[in-house]
Amino acid sequence: MATQSKTLRARRVIQAGAILVALGAGYTIHDVRVNAQNGGGTTPPAQKAPVVATPATRDAAATQNAFVDVAQAVQPAVVTIVTAGARPTRTSADGNGGPSRRFPSPFGNPAPEGDQESAPNGDPNSDFQQFFKRFQRDFGLQNQSYEPDSFAGRVLRQRALIAFRDVQERGGGSGGGLGSGMIYRADGLILTNAHVVRGADTVTVTLSDGRKFDKAKVLGRDERTDIAVVKVDAQNLPTVKLGDSDETRVGDWAIAVGNPFGLDHTLTVGVISARARELNLAVNQDTRTDYLQTDASINPGNSGGPLLDIYGRVIGVNNAIYSESGGNQGIGFAIPINTARSVADQLATNGRVRRGYLGVSIRSVEDVAAAYGLDDNLKGVLIETISDPNGPGAKAGLRPGDVITKFEGKPVSKSSELQRMVGNAPIGSTVTLDVVRGGKTIQLKALTQELKDSPAPKVAPDAPAANPGVTNGTATLVPGLKTKNLSADVARALGIKSTRGVVVTQVEAGSPADDAGLQRGDVIEQVGQTSVATVDEMNAQVKQLLGRQNGTGKKVALYVNRNGERSFAVITVN
């Protein structure tokens, strides 16, 4: 009986086990089916058909294909430029003075072996820091861009180290740099920025197909426009196609190609944000250039690369960014290709650029026309001073306060336009200037001369020496300003040749005259375009100018002689 009971219990255990196995199998099968339905198990194949196929997505895909086409057409002609200065002597590990194979930490103090990635920013005079100071100078890049704790910092540090080692391999120590360029002639002529190759002893050009030219030659560079031409010894190279930057419009597509941070052949897309952005980015030069502004991402290393339109034509040479943080903030600038083309032609042929000049200081009249008694709608370029009394402008009869409205029959409205027109005029040619003076338009003839290297910038003249005769003035219609008629004795005491005008006897602190920089002893020779010889004449002209203007913030321009140096001071009268 006991045996039968044990057998029965065994059968029940087996049956229960079988049921559990069956239930487990069922649940397992069910789970597999559920997982399959929910996307688990085997990864599904790639989706070939569009998930969304609408007219809008088809239009977007067409635009996307345009960017792909531009990249394929242009990238073969975009090059990487690595420059290096004279290499300092290095001591190798074996003490023989040969090239060291163990590179120092790129951020200064040597890092422990195997710990270069965690090295902190170190000696600011290290080769690497000097290497990238060029980027900081030309693009506003700040040290925080390389913070080791950020992902972007780690990426940039790694790329920077690779680039730095590449320069060292080529014999470069201090003075090395990275940039981009574009092949614009099949016989090896490359267009880039002057600052990319400035101070370089050696220039290495790497093509998109991997070919390297270690002895590229700089045919010439022009600091005024920041354009340079480099030559490599090769033929039948792929080239970019130069477009017409004058035809660009705000809102047009803009495509930048280059090697930011050594990331070669990077393409970014944006639009033309502004045209004819008048800036002075030239080194130690009083030259303003009309730049194309774009929000296509431009970063250190993009310098010298092409800015393209949607048709793959070069419309600009990437040059600089505006940044307060050190990274790209959507404000980049490119030199218009029409400017670069004319400069490159002269550099390739002569190694330098010959420019005409007038010998005058100028500014656009648009914002200050009323201060000179001119029509608010007048477009032109104002003559502020005659900087070269023996220059073509002075010989042609130009005067301070004149407004040039046309050059050789072509309208001009911005100082950069006139600079470009005069600079491109053949040396020794006679040009016609349309000038507005005293409400009338006259024509003057100027014989262009070649612009020589700019002299050292003039230092602002010191305040006139104290003189007993410069007292007891009369209040004028310019708040805070007292003047008196200029006598021959006072003129001699002030050391000026002019005896016509009114002399400043008092400037009230914090007044509009003080804000404009007027000082006791200054001599006012003109109000706007009109010469004045007495205080009464000055007040009459000031009253006339202010009477033509409406609202607050009226302005008056006074032509001031300070120790023989002349310039206009624009005073705002509330």
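Would the range 263-270 turn up any residue that is at pLDDT below 85, in a strand (DSSP E or B) and not aromatic (Phe, Trp, Tyr)?
There is no residue in the range 263-270 that is at pLDDT below 85, in a strand (DSSP E or B) and not aromatic (Phe, Trp, Tyr).
For the range 510-530, what are the residues that are on the phi < 0 side of the Ramachandran plot and open to solvent by less than 30 Å² (accessible area, probe 1.4 Å)?
Selection gives SER511, ALA513, LEU518, ASP522, VAL523, ILE524, GLU525, GLN526, VAL527.
Select from the range 238-254 the residues that are assigned to a strand (DSSP E or B) and crowded, with 23+ Cβ neighbours inside 10 Å and list them in ascending order. Working first, answer last.
Here is the first cut: in the range 238-254, the residues assigned to a strand (DSSP E or B) are 241-242, 253-254.
The one that is assigned to a strand (DSSP E or B) and crowded, with 23+ Cβ neighbours inside 10 Å: ALA254.
Which members of the range 300-337 meet the condition of being at pLDDT below 80 and either touching a Cys at 6+ places or on another chain (Cβ under 9 Å) or open to solvent by 10 Å² or more (accessible area, probe 1.4 Å) (or both)?
The answer is ILE321, TYR322, SER323, GLU324, SER325, GLY327, ASN328, GLN329, GLY330.
Can you name every residue in the range 529-553 that is of a type in the set (Gly, Ala, Ser) and part of a helix (DSSP H, G or I)? Explain how you work it out, then say what you get.
Here is the first cut: in the range 529-553, the residues of a type in the set (Gly, Ala, Ser) are 531, 533, 540, 547, 551, 553.
Within the range 529-553, ALA540, GLY547 qualify.
Output the residues belonging to the range 556-568 that are part of a strand (DSSP E or B) and either polar (S, T, N, Q) or modelled with pLDDT of 90 or more (or both).
VAL556, ALA557, LEU558, TYR559, VAL560, ASN561, SER567, PHE568
Check ARG548 against each of (1) within 21 Å of SER364 (Cα to Cα); (2) of a type in the set (D, E, K, R); (3) buried (at least 17 other Cβ atoms within 10 Å of the Cβ) and name the one condition it does not meet.
Unmet for ARG548, out of (1) within 21 Å of SER364 (Cα to Cα); (2) of a type in the set (D, E, K, R); (3) buried (at least 17 other Cβ atoms within 10 Å of the Cβ): (3).
Restricting the range 201-237 to residues that are among the polar types (S, T, N, Q) and over 29 Å from GLN419 (Cα atoms), which is surrounded by the most Cβ atoms within 10 Å (Cβ to Cβ)?
THR204
Matching residues to (1) modelled with pLDDT under 90; (2) surrounded by fewer than 15 Cβ atoms within 10 Å (Cβ to Cβ):
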position: SER387; (1), (2): yes, no
position: LYS395; (1), (2): no, no
position: THR405; (1), (2): no, no
position: VAL412; (1), (2): no, no
position: SER416; (1), (2): yes, no
position: GLN419; (1), (2): yes, no
position: GLY439; (1), (2): yes, yes
position: GLN443; (1), (2): no, yes
position: LEU451; (1), (2): yes, no
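Give the range 217-263 a look and list any residue that's hydroxyl-bearing (Ser, Thr, Tyr) and closer than 23 Å to ILE321 by Cα, or say none.
Once the filter is applied, which keeps residues that are hydroxyl-bearing (Ser, Thr, Tyr) and closer than 23 Å to ILE321 by Cα, the range 217-263 yields THR225, SER245, THR248.
The values are calculated or read from the model by the stated rules, or taken from the named source; none is laboratory data. Please read all numbers here as calculations on a predicted model, not as lab measurements. Cβ: placed from backbone, ideal geometry, glycine included. Neighbour counts: every protein chain shown. Ligands, DNA and RNA are excluded from the accessible area calculation, which covers all protein heavy atoms including side chains. Shrake-Rupley method; radii C 1.70, N 1.55, O 1.52, S 1.80 Å.
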